[in-house]
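Reading through the structure tokens given below for one structure.
We did not get these values from a lab; they are worked out from the coordinates using the rules stated. Note that the structure is predicted; figures quoted are calculated from it, not measured. Quick reminder, even Gly has a Cβ in these numbers, built from the backbone with ideal geometry, and neighbours come from all protein chains shown.
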Amino acid sequence: MSVQRPLQLLTKRASPSHLQHRPRIWQPARTFATPGMVVPPVTQNNTGAKGPTAMVFMNMGGPATTDEVSGFLSRLFADADLIPLGPLQNYLGPLISRRRTPKIKKQYANIGGGSPIRKWSEYQAEEMCKILDQTNPETAPHKPYVAFRYANPLTEEMYGRLLEDGFGNGRGGRAVAFTQYPQYSCSTTGSSLNELWKWRQRMESPTRNQNLEAAEAEGSIKWSVIDRWPTHSGLIDAFAENITAALETYPKEIRDSVVLVYSAHSLPMSVVNRGDPYPAEVAATVWAVQQRLGFKNAYRLSWQSQVGPSAWLGAQTSDTVNNFVKKGQKDLVLIPIAFTSDHIETLFEIDQEVIHEANELGAEGRVRRAESLNGSPTFIKALANLASEHLANDEVCSRQMGLRCPGCKNERCLASKKFFMGQGVQNNAALTL
């Protein structure tokens, strides 16, 4: 594949414990349930002492239909946290997105007409909340929400639904921003949290919204953040299960000679050199998975979805696979290690480009991909365990949350981190720098 990757491949991958909320009349919440799913209505008499709790899954998102591609690309290229274009961002972003839209529509058409990431995100959030209602009754009911950065449902839509469903507006309530990027990057988790903070300020801050009454401002939503979880044991188990299943498709006598190629979305070197923690956290995930597998197979970590001519973190997944095949190593399992569900990077870039090119070079169908996490019961249980511990411990965020990249000059990032860290008692003495 070309070094200059198409844009569409860029899309991948609380309140304090002592806070008592006043009684409220709880109305059935509008949810993001997929067709055929029935989410029971919430009523006041099944609310725990610290409930209800909104569980907000945050991710980049993807266009669900080809008609949504244009808006998706426009928002993506407008985000300087993800694609820094300098002082010409407002001019170059719309220009590039318009030029790429026709081609990218075709790419989404090739994977079924749109990204499945919303379907999987809603399913994962709903199933996790069902478990939490059983394991953490004191914070029940747990209401699932999805907030995408560039596709529907957008962050502002999600926030409006929170208010409609009885959170905030003088009624308080707790919400957990649960990033679905297991490894933290300023370009992904950081951008999503900055967007969430922006809409919180617009909708619930009296300094930005003069229509708010004092009681409404005082009773705003109390947020906490699950901002990274690269080595959580349940996540590692889920990856290991899918890799093992992929390896079992090879004859037993060659199984241990299959090379594992872990693939994660790349970053511009300008972001890496600024001190972004993402490369180290992805590597930590890979190492933990290899430990769980017993290091039976050789492995490499590669990076995909490079965009444009500037320097990006490598080696690229396509180049890595092609070089292995050319040297005679045809038995390869590709593992999307930084994504929690299928989307354009797995269904098109890996399945239809990387593997197709490998076969053209003579791989003979021996380059395969491990299944994405999607509806894995092990993965959903991991999400629930992670959230359960976060809720039970009244956590605000991780210790790393307040520490910006050493080279960061983004004042919005600083303000966002200060806000989220100031939402409760910080037991781990995290810094905001």
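For residue 142, the residues 5 or more places off, or on other chains, whose built amide H falls under 5 Å of its own are 53, 133. Sorted fewest first by neighbouring Cβ atoms within 10 angstrom, 344, 111 come out as 111, 344.
Hey, can you rank 250-258, 319-327 by average C-beta count inside 10 Å, highest first?
The most tightly packed comes first, giving 319-327, 250-258.
In order along region 407-422, phi translates into HN-Hα couplings of x, 6, 10, 8, 5, 5, 4, 4, 5, 4, 5, 4, 4, 5, 6, x Hz, rounded to whole numbers, per the Karplus curve 6.51 cos²θ - 1.76 cosθ + 1.60 with θ = phi - 60° and x for Gly and Pro. Mind scanning 106/296; 105/409; 143/198; 130/252 and naming the pairs with a C-alpha gap bigger than 31 Å? Pairs exceeding 31 Å: 106/296; 105/409; 130/252. Under 5 Å between amide hydrogens, built in the peptide plane, is the criterion, and for residue 307 it picks out 5 among residues at least 5 positions away or on other chains. Per the Kirkwood formula applied to alpha carbons, region 101-202 shows a radius of gyration over Rh ratio, Rg over Rh, of 1.02. Among 372, 266, 74, sorting on how many other beta-carbon atoms sit within 10 Å of each Cβ, with the fewest leading, yields 74, 372, 266.
For residue 103, the aspartates and glutamates whose Cα comes closer than 17 Å to its Cα, not counting residues fewer than 8 places off in the same chain, are 67, 68, 345, 349, 353. Exposure proxy ranking for 287, 223, based on other Cβ atoms within 10 angstrom of each Cβ and starting from the fewest, stands as 287, 223. With θ taken as phi - 60° and the Karplus curve 6.51 cos²θ - 1.76 cosθ + 1.60 applied, the whole-hertz 3J(HN,Hα) list for region 360-370 is 5, 8, x, 6, 6, x, 8, 8, 10, 10, 5 Hz, x standing for glycine and proline. What fraction of the Cα pairs in region 233-369, stated in percent, has a spacing above 25 angstrom? Tail of the P(r) past 25 Å holds 24 percent of the pairs. For region 66-74, the Karplus equation 6.51 cos²θ - 1.76 cosθ + 1.60, evaluated at θ = phi - 60°, returns couplings of 5, 5, 8, 4, 4, x, 4, 5, 4 Hz by residue, with Gly and Pro reported as x.
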